[in-house]
Amino acid sequence: MAKDTPKQIPEPLSGLLRLLDGHASLVDKLYAQSQAARWALTLERFSLALERSAAKRFAGESTAGQTLEDYLVRIHVEDLALATACAAGCESAWEHFFSTYRQYLYSAAAAVTRRPLGDPYAREFADSLYATLYGRETALGRVSLFHHFHGRSKLSTWLRAVLAQRYIDVLRQEKRLESLEDNDGFEKALPPKHRTDWEPTDPRRARYLQLLAGALKQAIASLHPLDRTRLISYYLNDLTLAEIGKAMNEHEATVSRKLERVRRELKDKVITILKSACVTKD
């Protein structure tokens, strides 16, 4: 080989290492600190999570290596590693998340919805978050709400903020949110207004309800038997996620995700049936 032949430059592991100007020792240190290896999370995937966090923080800014290092050593790397593993679909990470944060999510949901601890609505509202966190596979890759967690706050703080935003969205959809702020700068959640006497009832309401009930019955009948069992166990027999999981040999988190999936499927099936006008008379 000629003496002046240029050497092959190895491909950098990630954009993060380029920003750190080759200071990979910091990434190794943060990786060990995060205990990411217990979730079988590779150094490269963890590095990409750090890179996304830094890119979010310094978007549009020119960042010096020292400034970036100062930022990275302050983020919650253990929470970031857990969220990244959960977003990747790691079952052991999910079991740890579920056992660690389930009760916290229930209490946070009760506080956000201003309901008593253990209130069925608050618990179901908290359970509905799991499916969004777990995500789904798409043509562009896996989509999970955990991808929006960057470790700048504790995971528990981020989860509470997500629940609060989701509840605000629910209130807005139900037209129960007045566009005013309280003394602390937060939007007020007001109770729904009752229908006044002068508002006429829809003469076709009974017919619509009959069509909806028929479509729902068809949609439920078309479900997989195990999915029907989960619905009946949860909504009719009032079994807890733990009780359903024990009976079906599934983890509670798995039961929650499958229930959320079935609810989405039912909605899509009902809409399809109503649009095609194929509701049976029975």
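Based on Cα atoms of the stretch 17-167, Rg over Rh with Rh as the Kirkwood radius reads 1.01.
The GluC sites (Glu not before Pro) of the stretch 36-97 that DSSP puts in a loop, and whose beta carbon has at most 10 other beta carbons within 10 Å, are 61. Largest first and in whole Å, the equivalent-ellipsoid semi-axes of the stretch 223-280 read 26, 11, 8, each the square root of five times a Cα gyration tensor eigenvalue. Using the average count of surrounding beta-carbon atoms within 10 Å as a protection proxy, the listed peptides 124-132, 228-236, 207-215 rank, highest first, as 124-132, 228-236, 207-215.
Quick check on my link table: of 56/269; 29/56; 154/269, which ones sit more than 30 Å apart, alpha carbon to alpha carbon? The pairs that break the limit, which is 30 Å between Cα atoms, are 56/269; 154/269.
Here the stretch 207-282 has 59 percent of its accessible surface on carbon and sulfur atoms, given a 1.4 Å probe and all protein chains in place.
Using θ = phi - 60° in the Karplus curve 6.51 cos²θ - 1.76 cosθ + 1.60, the 3J(HN,Hα) couplings for the stretch 73-88 round to 6, 9, 7, 8, 5, 5, 5, 5, 5, 5, 4, 5, 5, 5, 5, 7 Hz; x is entered for Gly and Pro. Rolling a 1.4 Å probe over the protein heavy atoms gives the stretch 223-280 an accessible area of 59 Å² per residue. Compute the separation of the alpha-carbon centres of the stretch 74-115 and the stretch 236-266 and state it in Å as a whole number. Using only Cα atoms, the two centres lie 18 Å from each other. Rolling a 1.4 Å probe over the heavy atoms of the protein chains gives the stretch 43-111 an accessible area of 44 Å² per residue.
Restriction of the trypsin sites (Lys or Arg not before Pro) in the stretch 31-137 to DSSP coil positions whose beta-carbon has at most 10 other beta-carbons within 10 angstrom yields 74, 114.
The values are calculated or read from the model by the stated rules, or taken from the named source; none is laboratory data. Here the structure is a predicted model, which means the values were calculated and not measured. Note that we place each Cβ from the backbone using ideal geometry, even for glycine, and neighbour counts take in every protein chain shown. Note: accessible area is taken over every heavy atom of the protein model, side chains too, but ligands, DNA and RNA are not part of it. Shrake-Rupley method; radii C 1.70, N 1.55, O 1.52, S 1.80 Å.
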